[in-house]
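Engineer: After the structure tokens below, expect a handful of questions from me.
The values are calculated or read from the model by the stated rules, or taken from the named source; none is laboratory data. Keep in mind that what you see is a predicted model, and the values were worked out from it rather than measured. Reconstructed Cβ throughout: ideal geometry from the backbone, glycine too, with neighbour counts over all protein chains shown. Note: accessible area is taken over every heavy atom of the protein model, side chains too, but ligands, DNA and RNA are not part of it. Shrake-Rupley method; radii C 1.70, N 1.55, O 1.52, S 1.80 Å.
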Amino acid sequence: MSWNSFGRVFRFTTWGESHGPAIGVVVDGCPPGLALSEADIQPWLDKRRPGQSRFTTQRQEPDQVRILSGVFEGRTTGTPISLVIDNVDQRSKDYSEVAQAYRPGHADYAYDAKYRLRDYRGGGRSSARETAARVAAGAVARLVIPEVTIRAWVAEIGGDAVQSFDAGEIDRNPFFCPDAAAAARWETLIDGARKAGSSLGAIVACEATGVAAGWGAPLYAKLDAELAAAAMSINAVKGVEIGDGFAAARLSGEENADRMRPGDGAPAFDSNHAGGIAGGIATGQPVRLRVAFKPTSSILTPVDTITRDGEATEIATKGRHDPCVGIRGAPVVEAMMALVLADQKLLHRAQCG
């Protein structure tokens, strides 16, 4: 049994490995008649693309997407949409030591324990390289939900959180950071981590506005549960919060209540502690998500580990790695938000018209 697909009506399946000839995705369930070309997908991939600053991996991948099926005369046909992205800058020789010993914190041992065989080149399927396929699929999903605006940003790196929010600042620095002062501090933090042969974690926040009240479903297709599953499926993610998340547990009932007043055809809310979701169903407020990325496991600092034969050793991972994988996680979180919302919109339409 294999688990490489996500979604119910709008469903996607990613394929490929970090150092294989290509990676890609098949999107199924996309409504017909939507205008789609490579130009609609490429800008989103360019945001995630590696090698654009000294603060990310220096692997040089153009991430040029090609549409192989599912589009005719510029319109989706309703059949599976196949997208492919060639890998052009692999350096598999950098992983010769990883073939013999496990990287602590990485999926090396877990993959070996499950399959008794693993693609050690760049981590294979466990590499962040796989997320490019998700971003491509997310670009298609956005066509299904044109009424929704999705924006993600890095809210914290290495324990240093933003202190202000300027949406216009997000695309003006290499960190997707809404706080210019924080972005300046992060330069020093990440440079220091790289020079030390280490890495840093990050928190990515994401907000979707324009989500119609009613999307989602009770219990087993809850909008927040689907978002949590989508975010947790991203490599390196270790935590997810919807709305206030864990902070809600420290509030009283009256503090946590999103009080409602009469509005213009819909309730007016005084707060949004619930992150735009109640009972698994959207309330019409902005849907808010926070995602925690662990520090990159591939580091130059030697750490204790074992070989595949169970012998004690040390490993220092060579190659080109993100000193903070959460930076390029922002476009990926946006994509997963889009994919879930597109699926939930179609599910809602199927049941409620």
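Engineer: In the list 317, 301, which residue meets the criterion of being modelled with pLDDT under 95, within 28 Å of residue 47 (Cβ to Cβ) and β-branched (Val, Ile, Thr)?
Structural biologist: Among 317, 301, only 317 is modelled with pLDDT under 95, within 28 Å of residue 47 (Cβ to Cβ) and β-branched (Val, Ile, Thr).
Engineer: Now, a different point. Checking residue 230 against (1) in contact with a helix residue (DSSP H, G or I) (Cβ under 7 Å, 6 or more places away or on another chain); (2) open to solvent by 10 Å² or more (accessible area, probe 1.4 Å); (3) of a type outside the set (Lys, Arg), only one condition comes out false. Which one?
Structural biologist: Looking at each condition in turn, residue 230 falls short on (2).
Engineer: Of all residues in region 116-159, how many are within 16 Å of residue 100 (Cα to Cα) and of a type in the set (Ser, Thr, Tyr)?
Structural biologist: Within region 116-159, residues that are within 16 Å of residue 100 (Cα to Cα) and of a type in the set (Ser, Thr, Tyr) number 1.
Engineer: A further question on this structure: For residue 190, are the conditions met, namely being out of contact with any helix residue (DSSP H, G or I) (no Cβ under 9 Å at 6 or more places or on another chain) and part of a strand (DSSP E or B)?
Structural biologist: no
Engineer: Among the residues of region 214-244, write down those that are over 20 Å from residue 178 (Cβ atoms), part of a loop (DSSP other than H, G, I, E, B) and either among the polar types (S, T, N, Q) or out of contact with any Pro (no Cβ under 9 Å at 6 or more places or on another chain) (or both).
Structural biologist: 214, 215, 217, 218, 222, 233, 234, 235 - these are the residues of region 214-244 that are over 20 Å from residue 178 (Cβ atoms), part of a loop (DSSP other than H, G, I, E, B) and either among the polar types (S, T, N, Q) or out of contact with any Pro (no Cβ under 9 Å at 6 or more places or on another chain) (or both).
Engineer: Let me ask something else about it. Name the residue, out of 248, 292, 282, 268, that is loosely packed, with under 13 Cβ neighbours inside 10 Å and among the aliphatic types (A, V, I, L, M).
Structural biologist: Just one listed residue meets the conditions, 268.
Engineer: In addition: Would you confirm whether or not region 310-327 contains a residue that is polar (S, T, N, Q) and farther than 23 Å from residue 149 by Cα?
Structural biologist: Scanning region 310-327, I find at least one residue that is polar (S, T, N, Q) and farther than 23 Å from residue 149 by Cα, so the answer is yes.
Engineer: Identify all residues within region 117-133 that are within 30 Å of residue 77 (Cβ to Cβ) and open to solvent by 20 Å² or more (accessible area, probe 1.4 Å); write none if there are none.
Structural biologist: The answer is 125, and nothing else.
Engineer: Assuming residue 299 fulfils every condition listed in (1) surrounded by 21 or more Cβ atoms within 10 Å (Cβ to Cβ); (2) touching a helix residue (DSSP H, G or I) at 6+ places or on another chain (Cβ under 8 Å) apart from one, which condition is it?
Structural biologist: (2)
Engineer: Filter region 196-213 down to residues that are assigned to a loop (DSSP other than H, G, I, E, B) and within 20 Å of the chain's Cα centre (by Cα) and give me whichever is nearest to residue 145 (Cα to Cα).
Structural biologist: For region 196-213, the residue satisfying everything is 211.
Engineer: In region 12-117, which strands (runs of 3 or more DSSP E) lie fully inside it and hold 3 or more residues that are over 21 Å from residue 334 (Cβ atoms) and either more than 20 Å from the chain's Cα centre (by Cα) or at pLDDT below 90 (or both)?
Structural biologist: Because the criterion is at least 3 residues that are over 21 Å from residue 334 (Cβ atoms) and either more than 20 Å from the chain's Cα centre (by Cα) or at pLDDT below 90 (or both), the strands (runs of 3 or more DSSP E) in region 12-117 that meet it are 65-69.
Engineer: Would you mind finding the one in 141, 181 that is among the small types (Gly, Ala, Ser), modelled with pLDDT of 95 or more, exposed (fewer than 13 other Cβ atoms within 10 Å of the Cβ) and in a helix (DSSP H, G or I)?
Structural biologist: 181
Engineer: Let me ask something additional. Which members of region 144-169 meet the condition of being open to solvent by less than 40 Å² (accessible area, probe 1.4 Å) and acidic (Asp, Glu)?
Structural biologist: Those that are open to solvent by less than 40 Å² (accessible area, probe 1.4 Å) and acidic (Asp, Glu): 160, 169.
Engineer: Whether any residue in region 336-350 is without any contact (Cβ under 8 Å) to a residue 24 or more places away in the chain and under 22 Å from residue 107 (Cβ atoms) is what I want to check.
Structural biologist: no
Engineer: Another question about this same structure. Test of understanding: among 306, 277, which residue is closer than 30 Å to residue 213 by Cβ, in contact with a strand residue (DSSP E or B) (Cβ under 9 Å, 6 or more places away or on another chain) and touching a residue at least 12 places away in the same chain (Cβ under 8 Å)?
Structural biologist: Going through 306, 277 in turn, the sole match is 277.
Engineer: Could you run through region 305-353 and say how many residues are under 26 Å from the mean Cα position of the chain (by Cα), open to solvent by 10 Å² or more (accessible area, probe 1.4 Å) and β-branched (Val, Ile, Thr)?
Structural biologist: Number of matching residues: 1.
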